[in-house]
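Asker: Starting off with a structure, shown below.
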Amino acid sequence: MQTIIIMLDPAKLENPDLDLTYEFPVRIEEYTGDTVRDNGYDYVDGDVIALWLETENAVSGAEKVIELIKAERIVDNDLSKTVEILISEEDCAEIEKCRKIYPR
């Protein structure tokens, strides 16, 4: 498996509802037909939330996630303007082992 990490800074969100940590991964799974799956979340750098996702192909999986955040508001948030997306070919990769692909 490969890794996608979505970094969410609640201070940048229109609606910093913590339901986002549950509803967003579920929506990603639905949107990608379960090719990108929830793999947990944690707080990093203070209040920033990192959502870990697993997939067979991080590049194509991340492209689908980017499509989703550009097409839909998630828990009343336009995430296309606030998230950072990182990927790694490693399984359960730490943030330091990932490369940022969004925003470019």
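Nothing in this text is a laboratory measurement; each read-out follows from the coordinates by a stated rule. Predicted model only: the values in this text are computed from it and were never measured. Neighbour counts run over all protein chains shown; Cβ positions are idealised from the backbone, glycine included.
Asker: Taking the stretch 46-104, which residues are assigned to a loop (DSSP other than H, G, I, E, B) and hydroxyl-bearing (Ser, Thr, Tyr)?
Answerer: THR82
Asker: Something else about it: Looking at (1) touching a residue at least 60 places away in the same chain (Cβ under 8 Å); (2) among the hydrophobic types (A, V, I, L, M, F, W, C); (3) closer than 17 Å to CYS92 by Cβ, which is the one condition that is false for TRP52?
Answerer: (1)
Asker: Okay, moving on. Looking only at the stretch 7-43, count how many residues are loosely packed, with under 13 Cβ neighbours inside 10 Å, part of a strand (DSSP E or B) and in contact (Cβ under 8 Å) with a residue 12 or more places away in the chain.
Answerer: Residues meeting the conditions: 1.
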